[in-house]
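Heads up: the structure comes next, in structure tokens.
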Amino acid sequence: MFKGMKYVRAVMIVWAALMGMAHAHDYEVGELTITHPWSRATAPNAANGVAYMAITNNGSSDDVLIAAEAPVSSRTELHTHEMTDGVMRMREVEGGITIPAGETIYLEPSGLHVMLMGLDDQLVEGELFPLTLTFQNAGTIDVEAAIEGPGAVLDLHSDH
Amino acid sequence: MNRNVVLTGVASVTVAAIAVAAGIYFTRAPAFEPVGLLPPADLGGAFTLVGSDGAEFSSGDLSGSGAMLYFGFTYCPDVCPTELARVAGAVDQLAEEGIAVTPVFITVDPERDGPELVGDYADLFHPDMIGLTGSVAQIEQVAEQYGVYYRRVEDGSATDYLLDHSSYIYLLDPTGRLVWMFRPTDGVDAMVQTIVEAAA
């Protein structure tokens, strides 16, 4: 009896998650497609936030994400992340994030990400904030990041 | 799971619910592989820290329920939220199984993370999550007791630094004894199942 309830609940939750993704949004700049920039809600007075997205290079030459800027934070860095022997290390990516020709690079939890440092305001779930991305070849594009839950993990790999 | 588009705000619950539903309705043979690590015998122990109200909080205040401890820092926007959402999801699922576990976040960055910051940060992930800080010495001691590695990444700035840190979830039994550790790669449903089986 309880197990039946769990099944109904599972279906409803999956449905809700899929409805949430109906708001997935894409941007094009040059040969690049930027898929669903998103972020995570933060606590009041939190100093740092994060932004994730998928970037597809439809062209025949590599491009590089060299900078990201967000008015919600005083500065941003492009970070990568590695785990060895259970220790998490976050580091700035030197020289930007390369998007190889014909490939998709995922900025995602526990991997590459845009780190927003020195947030002016709390990031609130359900809201959007602007983000400006600068690529070596494709130039600059303004996108909006959708703020998801505080520990959200969106998987954009099946979004194509 | 990699093929699905999932929000982990709800995903931990979703994954477990799907696993439960799938186990019951389709396979009827729930495959069970315990996940995590048996902690070295010398790890763990009682601690006294500072709660989000600024008052002393000791591990004895957790007695009567199990606890899941995670050590991180509030300036961490990527890994720590992922792990704390996993803790929150596991705690909710365990509650459904009748197993009371209190989620606990302990900062390893006491110089920046005061009581209010750790409290707000913990609240973000679960209404029952307890956020703890302490003096530098208190945090050093509890980290040593639990084998938590953390190190400030020096970039020349006094306030704008990052920390390397180990990322395990520590499971305490209702007497406060460290009984198990989970790794970031351990799925929430598998963590829950491991605890349910062990408690059976």
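Beta carbons closer than 9 Å, at least 6 apart along the sequence or on distinct chains, pair a first residue in segment B:140-160 that is over 19 Å from residue B:41 (Cα atoms) with a second that is modelled with pLDDT of 95 or more and part of a helix (DSSP H, G or I) for B:150/B:139; B:150/B:143.
Taken over segment A:62-91, the criterion of being over 20 Å from residue B:76 (Cα atoms) and outside any strand (DSSP E or B) is satisfied by A:62 alone.
Checking each residue in segment A:9-43 for being loosely packed, with under 13 Cβ neighbours inside 10 Å and modelled with pLDDT of 55 or more picks out A:23, A:28.
Taking the options A:125, A:94, name whichever one is facing another protein chain (nearest Cβ under 9 Å), open to solvent by 30 Å² or more (accessible area, probe 1.4 Å) and assigned to a loop (DSSP other than H, G, I, E, B).
On the way: A:94 fails: facing another protein chain (nearest Cβ under 9 Å).
A:125 is the lone residue from the list that is facing another protein chain (nearest Cβ under 9 Å), open to solvent by 30 Å² or more (accessible area, probe 1.4 Å) and assigned to a loop (DSSP other than H, G, I, E, B).
When the residues of segment A:49-61 are narrowed to those that are touching a strand residue (DSSP E or B) at 6+ places or on another chain (Cβ under 6 Å) and either open to solvent by 10 Å² or more (accessible area, probe 1.4 Å) or among the hydroxyl-bearing types (Ser, Thr, Tyr) (or both), which ends up farthest from residue B:77 (Cα to Cα)? Of everything passing the filter in segment A:49-61, A:56 is farthest from residue B:77 (Cα to Cα). Taking the conditions (1) crowded, with 16+ Cβ neighbours inside 10 Å; (2) under 18 Å from residue B:181 (Cα atoms) in turn, residue B:57 satisfies each one other than (2). Flag set for residue B:121, criterion: within 25 Å of residue A:124 (Cα to Cα), among the hydroxyl-bearing types (Ser, Thr, Tyr) and surrounded by 22 or more Cβ atoms within 10 Å (Cβ to Cβ).
Inside segment B:105-126, residues that are of a type outside the set (S, T, N, Q), more than 8 Å from chain A (Cβ to nearest Cβ) and touching a helix residue (DSSP H, G or I) at 6+ places or on another chain (Cβ under 7 Å) make up a count of 6. Is there a residue being out of contact with any helix residue (DSSP H, G or I) (no Cβ under 9 Å at 6 or more places or on another chain) and not hydrophobic (A, V, I, L, M, F, W, C) anywhere in segment A:146-153? Scanning segment A:146-153, I find no residue that is out of contact with any helix residue (DSSP H, G or I) (no Cβ under 9 Å at 6 or more places or on another chain) and not hydrophobic (A, V, I, L, M, F, W, C), so the answer is no.
Taking segment B:43-94 as the search range and keeping residues that are within 14 Å of chain A (Cβ to nearest Cβ) and polar (S, T, N, Q), which one is farthest from the chain's Cα centre (by Cα)? If we take residues in segment B:43-94 being within 14 Å of chain A (Cβ to nearest Cβ) and polar (S, T, N, Q), then B:52 is farthest from the chain's Cα centre (by Cα). With respect to residue A:125, determine if the residue is among the charged types (D, E, K, R) and closer than 24 Å to residue A:149 by Cβ. Spelling it out, residue A:125 is indeed among the charged types (D, E, K, R) and closer than 24 Å to residue A:149 by Cβ.
The values are calculated or read from the model by the stated rules, or taken from the named source; none is laboratory data. Bear in mind the structure is a predicted one, so any value in this text is a computation, not a measurement. With ideal geometry, Cβ positions are generated from the backbone for all residues, glycine too; neighbour counts draw on all protein chains shown. Side chains included, ligands, DNA and RNA excluded: accessible areas come from the protein's heavy atoms. Shrake-Rupley method; radii C 1.70, N 1.55, O 1.52, S 1.80 Å.
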